[in-house]
Each structure stands twice: as structure tokens, then as C-alpha cells.
Amino acid sequence: MRTRAAIVSIWLATLALALIAVLRAHYVADMSGFLPARPTAMQRLLVEQLREGAAARTIMIALEGGDFAQRAAISRSMAAALRADPRFASIANGDRAAAEADRRFLFEHRYLLSPAVDAERFGAQGLHRALAETSDALAEPSGEWIKDLVPHDPTGETLAIIDALGAERAPRTRDGVWVSADGRRTLLVAQIAASGSDLDAASAALAATRAAFESAARAQGAREVRLLASGPPVFAVASRAQIERAAVRLSIAGGVLVLGVLLSVYRSLGAVVLGLAPVASGALVGIAAVALSFGVVQGTTLGFGSTLIGESVDYSIYFFIGASALGADWWRARLWPTVRLGMLVSVCGFASLVPAGFPGLAQLGVYSIGGLLAAAAVTRFVLPALRPRRLALRDLTPLGARTAALLGRAHRARRVLAGGALLLGVAALGVLLLERHRLWSHELSSLSPIAPAAQRLDAELRADLGAADVAQLIVVHGPDLQSVLRAAERAHRALEPLIEAHRVGGLDDPAAYLPSLDTQGARRSSLPDAATLRERLQVAGEGLPLAVEQLDAFVKDVDAARTAPLLTPASLRGTSLEAGFKALVLETSDHWTALLALHAPDPLHPAIDGALVRAALAQLPADRSGSEVHLLDLKAESDALYESYRAAALRGAAFGLGAIVVLIALARRSLVGALRVLAPLVLAVLLVAAALTLSGTQLTLMHLVGLLLIVAVGSNYALFFTDAHRGPAPLTLASLGVANVSTVLGFGLLMLSHVPVLTALGTTVAPGTLLALLLSALLLDRRPAPAHQRKLAHQEGLNRQEGNDA
Amino acid sequence: MRSPRGGDPPRWIRRHRALGLLALLIGLPARSDDLDTLMQRLARHRHGEASFVEQHFMRLLKRPVESMGELRFDAPDRLEKRTLEPQPEDLVLEGEELRVTRHGRTRTASLADYPRIRPLIESIRATLAGDRAALEQVFEVHFFGDLERWSLLLVPRDADSRVTQVQIEGARDELLMVEVRERSGDRSLLTLREHPAP
């Protein structure tokens, strides 16, 4: 009794300590789990972009249904409501007031902003060229647009700025709201103020958007108008909610099913609850282990961890069925060593995840190891101590005996079975080898939880908004804002020849919104004084229809611009240019980053030759202010990152397999024995992988984890079958069946989820563990044929007696 | 107001302007039956092409600048003005959408966003379409002459319009000349020579 009290106290104390660690742990749900432990500069940039970049904060909103007047009214009132909301950095919907504010800003500061302004532009010859161009333009239909500008801006600087900003890529407007090309949708773009990795902020912003829409739609009485939203924050929030929902719903459903199975076997609620003690303790200790070794706990660890240590439910099944029939000591002597070995095999398997190179997988490994060790310890020590005195389990012996009889018959066909299994294995291996080039998905997006329909909507809204998905960025780092702006200007100049040659469609350049102070200063000092400008105008106007003597406003404006203060980020306030600028410039604790987004020359063929861009950037002279310029190919870089994880995980899995062979060989003191144990498991893995491949699925990291789980869970089965000389006792057979049913049910439910990563796990593990059990039984069981069954029953009786005596 | 330095408009236009003003003063109603007939005749043309020469007289210009090109109309509402000289530029008005292509860049805008230039374009398009309702939505319409040789004086209903009047001269179902006068004193004169129907 004293030991029993001591065991329970130690258990509770451990749980309490684990609970403290769990409660004090820091939980994160961002991309940092996918950042390698020792990232390259490019990988760091990539993750910074995915986390903090403007794209990560942009919500694309569309309204469809109803009539245009309703959609336009809702767009306006949503824009007004959201602009007043501090959770948003900017709202754009094409409205005239915002466009007017922008135009006024560009016009007022045209001599600091226009890329065309230099000393040459304001020489007599430069003026002549610019004025001739303007005279021509006045004769054209578009002259109507510039006519009012000409007296102030005869050299066309305002238009030059608008061209440089790439404003023609903006969506079309109708009645002061953006509309899609087919006119069926009105469009808005919202930028969240908080960082893109702040999912709670994104979630709040989306809720605010929906609320603004609903109240506007109600006010309009427009029931047919629907709200559509897309963009990274929408995806992030939706996939978190979806995974949470799916995980919670499926865990509950799976839990109910497993509990139902257990209850029907145990026929005691107390035993069922106690049976969950190992897995619950394991989960708690697992999270604590992760928290203590990593400092932070990834959302994915919480999400998937408990499914990975699901096999610890099996431990208690083996315990209750075994111990209730033959006593705890019999269980300890006969079954526990096998369970322990199975657990150690699983630990070896999961240990292969730990050095995977990125915390996302490493945490799953640590969690599983900690969790399984704890669950096994609880099964070994706590369950016997707390086992209800009187437990009237359903008698599974008949079931076990029938199974044993079946297996005995199957044993006669053992050679045929082994031959068939070998053939199947060879066929599966053949399929995998044939398909080896497209076996694995090489794209990070394969882990994406986003449903295809949502991806389609995203592509549509991007097309509507003329917002190409930027695939390549030039990233400029520097110690301060001015150094990155100067470097951005130099990079832009270096790419000018590629733009001219249509190898690059264009650039979103922060320096187009706000040139560096150096550039602004140079432009300002290139402006002539009033007297000089008048003289030059006289010369420049010769032979032109334009009446230069009517350009007093121009002379006055240029003269005023000579002493105008230079622009700073604060000058952009109140215009939509501020959002555009902030989207391209980031300030982090110790440096500034400017981004130049590259546009493809042809939207239908969105490929830009990265080598050409790199070569152009390589021509840039070294910079004294310490700024650096890189080309970041988002997709190539993220796919390379994923590829490196996959390679690391595969390498780890190979090492893990080796470790498992060594472990079993040591335990069984036979290498052949170890290989025999592994044969059905390897076969199950091959068959599942081949079946997935034949069904057109490309394998992802999640499938790899699933294959690992087949080995982890299946090793228990295989060990039981090789353990007893003549195969496991009928009762053990029955408990294996119960354990397998609960595993297949739990993972089978994941197949129903619409979250790709969960489905991947379910479709791998559910059929895989079933196969592992069947193959272990068929290939490993050395039961004599039914004629010898009586002898076996006799032996079973002896065992039972033995157990009761103890 | 300074008068443009360019040559004075032809005499017959001045005459019609005077007539138009007179008509406004005495509130002479447009001759509804002739206008209807003209519109019906114009509406029968589903497609039309003409080359144009346009002269712009502007305060900003010492002498008028001239552009030339081609005008195409396709019923019901597509008007394309393809300027070839002095710089190639293509303007397409289709429904409410305005597309201007110049130097290989296309800008798209909604006509509704440029209320001040709507009369410039709608006058020609609605006349070519023979769409009296569309014409009268933007203008007060006055008809002069007879169906052989007619003249439409269009006065924008929007008092803020940059355009103060548009005068369209035609013979039978053919447009010959469009003169647009603006509040600033600027004006433009579009002379059309219709291509024979294919």
C-alpha cells in the first residue's frame, strides 16, 4: 500500500510540474516553425516576407450579387467605416476623394517626385522636347485630360509620376468604386495595421470587415449582395479555424468512438477513464518537454501531437484486457516487455524527426518521445496501482479463440501468403520506383491547408484587382531609411534596360512614392530660377504651337519648388500613397528593408528570368553605406526550403529505421528476428505509399510522418506476434484487435476532414495500421493448425492459473 | 476673354451660331418630326467609318494644332477614334468604359468619372447611334435646316460642363463636321469624310 501511495504521489507531482511548464509556455502560431534552425540570409528574408510583408497584411474584398447601385453604396459605406477603424492601415476602393487627394499630392510635389526631372530637362533643349510632346498631346483625345494641367505643368511631370507608379495597373472604376473587368463585382483592398503573423488581429479585422458589410447591406436592404474575401490573412485565419474545428470535431468524434469501443469491452466507466490516463499524462508531459527544450510551443505541435501518441491508448488496452484476465503480474511478466520494446521502437522512430532541421517537425519528435515515455511509465506503474478491484471485462476469449482458429487455418497457407506478400511488396516497390520522380511533392504549398475553391477565388480576385501574385522581389537591406531608398533607386536604374527590353514588365519601387533625400535634393537643385526659366522658355518655344508666354503659372510653380522642403514619410500621410510606400518599406529592430516587386512582362507568362535580373544587379557598384541588394524568388526559395526539410526528414527516417533494426536485434538477440519483425511493417508502408501514388496523390511531409506512425504503431503488433513461440494467446489477439480498431477509427475520421494535412495523416495511418496488423498476423503468427488447438487451449488454461496464483 | 489666335471659323458656322443663340432666346422648340426622322435614318447605320481632320484652337496655343485619323462607329455604343497624327493614340468608348492607348500603355476609365468631358464624346456617339433619348439626356437638342442639309445645336444640360455647346453639321444621314466650344474659349473643329459603306 505504501508503494501504491508513493507511485500515485510521484505521478501527480510530475503532472503538476508538467502542468506548470505547460501553463508557463509560450505558444506561437506563425511561420517560425518552418524557419530552419540555422537559416540562410535568403531563408530569413523569405520568412520575414511571409510574416511581415505587405502581402501578408492585405485583404482583397469583393461584393457580388444585387445590382450595381447597391454594391457601390455598400462599398462606399464599408470603406468609410473601415477607414475609421484603427485596426486597418488603409482601405482602398477607388473612391474619388482618395484619388483626388493623391492627384493633388503628386501635382504639388511633382518637381521632387518626377523621375524625368534633371538639369537636362530644364535646359532649353529639354524644355523644347517636353513642350513639343505636350503640344502633340493637346491635339489628341487624351489632351482633354492634361489640358487643365498644361499651364502649370507643361512638361508633363504629373503624368510621368503616375506612369512611374504604374497606376495603369489599378482596377477600373465606375462611379467612384473599383469594379471587376466584367462589372459583376465591386472591389476593395484593406490593409491590416498589425503584423501578418498576428492571427488574432487578422481575425478581428476580418470580423470588422464582415460587420461593416452586414450593417451596410442592411442599410441598403440589399439581401442579394454577398461578401467575398481572400488574401493571406483570410487564409491564415480560415485555416487556423478550420484546423481547430476539424481537430476538435474529429477528436471528439474519434474520442467518442474509441470510448464506445473501450466501454463495450471494459464495461466500467472508471476503467475507461483510467485507461485514458496514459495518453492524457503523455500529452501533458509531451507539451512540457517541448516547452522546456524549445522555449516556445508551435501551434502544429498542439494540433497533431496527441494523434501521434495515440498508440498509448493501446498500452492501456493491453493492460486492462491482459491484467483483468490473468492478473497484473502476468501482464507485467508477459506483456509489458513487449509493450516496452514497442514503445522504444516508436521512440526511435520519432527521434528521427528531432534533427529534421526545423522546429515544426523537431517539436513533434520531442513531444512524441516525451509523451510515449510518460504514457508507458503511467501504464507500467500507475495503472496497476489504481486498477479497480472488481473489473468485469467482457470476455474476449471466444473472439480471440475464433481469431486464433482463423490464423491457425491461415497458417497452412503460410507459404502462399508469404509468396503473395512478397509479390505485392515487389509490385508496390516497382510502382514507387517507376513513379520516383513524381513521388514527392516538391512544393511548400503542398502543406497548404487551403482548399482548391478558396485558391480559385483568390486567383479571380487578384485578376479583378490587377494585382499579380508577385513571385520575385528585390530586397534591399540597409542601416537606415535613406540608405535603402538610395539602393532601391540604384537597383531600379540597373534594371531599366531589362524593362526597356520587355524582359521585366515593371517594378513597384518605394522610391517612386518617396525618392531618397539625395535624389529629391538633386531634382530640386536642377530647377532654374524664374528669370532663367523665362529665358529658356523663349528659346524652347520657338517653332512650337504652344504659347510659352502663357506659362506664368509654370514659372511661378518651378520657382516655388526651388525652396520647397524635401519630402519625408510623414509627407505621404492622408494619401493612399502612404499605404503603397509602407507596403514596400519595413523597419525592423536593427535595419531597414526596401522591396522592389518585379512584374512579369506578360501576365499570361509570369516568368521572369532571375539570372538576367541577378546579372543586372551584380553590375551595381559596392555601396559604402552598408546596404545590400538581393533577388528573392519567393516560390523557388520556399520550395527549396521545403525540399531541404523533406530531404532532412527522409534522412532522419532512414536513420530511425536503422536504429529500430538495431534496437530489436539487441532485444531479440537476433538480426534475422529483427528483420522478421520489420517485414510486415515495411510491406504495409510500401503498400500504402504505392496505393497513394497510384491514386494520384503526391506524398508530402505529413505523409512521411504518417508512414513513420505506421511503423511506430505497427511495431507493437509485430512484436506481439513474434514474441510468443506459437503466436500470441487468444486474449492478446483480442486486445490487439481492439487496439487496432480504436486506431483505425481515430485516424479514419481524419480522412473525412477537408484539411489536406489532416487528410494526409488519416489516409496514411488508418489503412497502414490495419495492414500492419493483418500482415503481422498472416506472416508472423506461427500457430499450429486447428488440429492442435486443444493443446493450445490447455496451455492457455495453465497460463490463466499461473496468473491467478500470482 | 482672349480670342484664339487661330483663323476665324468659317462664316457659315458663325451664322448657325447666331441662329442657335436666337433659337435659344425665343425658345423655339426643336422641330420634333424632322429630328425624329433624322435620328431614325442615322440609326439605320449599324456601322460607319470616316477619316477625320481635327483642328484645336486653344488659348494655350499660338496657332491651332491639327490631328488626323479615323473614326469608327459600331452600333449600339462603340466609338473608336484612332488618331494617327501627330502621335498615334487610340481612344475607344464602349458602353460606359473609356480606353485610351498611347505609347503602348492603355488606361481604362469610366465615363462617369469624367463628367466634364462626357458631352465631348456623347454628342458624337449618340448622334451616330441615332439615339435621341441618350442625346437628350445630356443635351438640349435643337434642329435647324432640313433633312437634306441639317444642323444640330447641342447645349449641355449640366451647367458645370466644360463644353458650352456642340454643333453638328450633316447632309442627309452623314455627319460632316462637329464643332465643340468650351467655356474657356477653346474650341475644336472636326471635319469628317465618310468612307463609302463596304
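The values are calculated or read from the model by the stated rules, or taken from the named source; none is laboratory data. The structure displayed is predicted, hence computed values, not measured ones. Cβ atoms come from the backbone with ideal geometry, glycine included; neighbour counts cover every protein chain shown.
Suppose we filter A:S239, A:S215 for residues that are in contact (Cβ under 8 Å) with a residue 24 or more places away in the chain, surrounded by 19 or more Cβ atoms within 10 Å (Cβ to Cβ) and more than 10 Å from chain B (Cβ to nearest Cβ); which single one remains?
Values: A:S215 fails: surrounded by 19 or more Cβ atoms within 10 Å (Cβ to Cβ).
After ruling out the rest, the residue left standing is A:S239.
Among the candidates B:F73, B:F57, B:F52, the residue that is more than 14 Å from chain A (Cβ to nearest Cβ), under 19 Å from the mean Cα position of the chain (by Cα) and at pLDDT 85 or above is uniquely B:F73. If you go through region A:167-175 one residue at a time, do you hit one that is of a type outside the set (K, R), surrounded by fewer than 20 Cβ atoms within 10 Å (Cβ to Cβ), within 14 Å of chain B (Cβ to nearest Cβ) and assigned to a helix (DSSP H, G or I)? Yes: region A:167-175 contains one or more residues that are of a type outside the set (K, R), surrounded by fewer than 20 Cβ atoms within 10 Å (Cβ to Cβ), within 14 Å of chain B (Cβ to nearest Cβ) and assigned to a helix (DSSP H, G or I).
Tell me which strands (runs of 3 or more DSSP E) are completely within region A:483-600 and hold 2 or more residues being aliphatic (A, V, I, L, M), or say none if there are none.
So the answer is A:585-587, A:592-599.
The residues of region A:498-548 that are closer than 24 Å to A:L617 by Cβ, crowded, with 16+ Cβ neighbours inside 10 Å and within 14 Å of another protein chain (Cβ to nearest Cβ), listed by number, are A:I499, A:G505, A:G506.
On the basis of being modelled with pLDDT of 85 or more, of a type in the set (V, I, T), in contact with a strand residue (DSSP E or B) (Cβ under 9 Å, 6 or more places away or on another chain) and surrounded by 16 or more Cβ atoms within 10 Å (Cβ to Cβ), does A:I7 make the cut? Taking the combined requirement at face value, the residue does not satisfy it.
Tell me, please, whether a residue that is in a strand (DSSP E or B), over 21 Å from A:V150 (Cβ atoms) and under 14 Å from the mean Cα position of the chain (by Cα) can be found in region B:103-113. Please lay out each step first, then the result.
We begin by selecting, within region B:103-113, every residue in a strand (DSSP E or B); these are B:105-110.
If we keep only those that are over 21 Å from A:V150 (Cβ atoms) as well, we get B:106, B:108, B:110.
Now narrow it down to the ones that are under 14 Å from the mean Cα position of the chain (by Cα): none.
No: zero hits.
Scanning region A:549-580 for residues that are surrounded by 15 or more Cβ atoms within 10 Å (Cβ to Cβ) and within 14 Å of chain B (Cβ to nearest Cβ) returns A:Q550, A:L551, A:F554. Among residues of region B:107-139 being more than 20 Å from B:L176 (Cβ to Cβ), more than 7 Å from chain A (Cβ to nearest Cβ) and touching a Lys or Arg at 6+ places or on another chain (Cβ under 7 Å), the one that is surrounded by the fewest Cβ atoms within 10 Å (Cβ to Cβ) is B:R116. Please tell me if B:V65 is within 14 Å of chain A (Cβ to nearest Cβ), over 13 Å from the mean Cα position of the chain (by Cα) and surrounded by 22 or more Cβ atoms within 10 Å (Cβ to Cβ). In short, yes. Looking at A:R668, A:R651, just one residue is basic (K, R), more than 26 Å from A:L423 (Cα to Cα), in the same structural domain as A:S352 (by TED's automatic domain parsing) and touching a residue at least 40 places away in the same chain (Cβ under 8 Å), and that residue is A:R668. Of the helices (runs of 4 or more DSSP H) lying entirely inside region A:104-150, those carrying at least 1 residues that are out of contact with any Pro (no Cβ under 6 Å at 6 or more places or on another chain) and within 14 Å of chain B (Cβ to nearest Cβ) are A:124-138, A:143-146. One residue stands out among those in region B:82-96 that are within 21 Å of B:A129 (Cβ to Cβ) and buried (at least 17 other Cβ atoms within 10 Å of the Cβ): the one that is nearest to the other protein chains (Cβ to nearest Cβ), which is B:L91. Quick check on my filter: what residues within region B:140-154 are surrounded by fewer than 19 Cβ atoms within 10 Å (Cβ to Cβ) and in a strand (DSSP E or B)? Of everything in region B:140-154, those that are surrounded by fewer than 19 Cβ atoms within 10 Å (Cβ to Cβ) and in a strand (DSSP E or B) turn out to be B:E140, B:G145, B:R149. In region A:98-125, the residues that are more than 17 Å from A:P569 (Cβ to Cβ) form Cβ pairs under 6 Å with partners that are modelled with pLDDT of 85 or more and among the charged types (D, E, K, R), at six or more places apart or across chains, as follows: A:R110/A:E157; A:S114/A:E157; A:V117/A:R523; A:A124/A:R536.
Considering only region A:187-292, give the helices (runs of 4 or more DSSP H) lying wholly within it that have at least 1 residues that are among the hydroxyl-bearing types (S, T, Y) and either farther than 20 Å from A:D314 by Cβ or over 19 Å from the mean Cα position of the chain (by Cα) (or both). Working first, answer last.
Details: elements: A:199-220, A:232-266, A:269-275.
Per the criteria, A:199-220, A:232-266.
Can A:R536 be described as in the same structural domain as A:G610 (by TED's automatic domain parsing), within 18 Å of A:I608 (Cβ to Cβ), modelled with pLDDT under 90 and of a type in the set (K, R)? In short, no. Any residue in region A:186-194 that is within 26 Å of A:H492 (Cβ to Cβ) and within 10 Å of chain B (Cβ to nearest Cβ)? No, every residue in region A:186-194 fails to be within 26 Å of A:H492 (Cβ to Cβ) and within 10 Å of chain B (Cβ to nearest Cβ).
When the criteria are applied in full, A:G176 meets the requirement of being of a type in the set (G, A, S) and over 27 Å from A:L596 (Cβ atoms). Just one of the numbered conditions (1) at pLDDT below 80; (2) within 11 Å of another protein chain (Cβ to nearest Cβ); (3) surrounded by 18 or more Cβ atoms within 10 Å (Cβ to Cβ) is not true of B:G20: (2).
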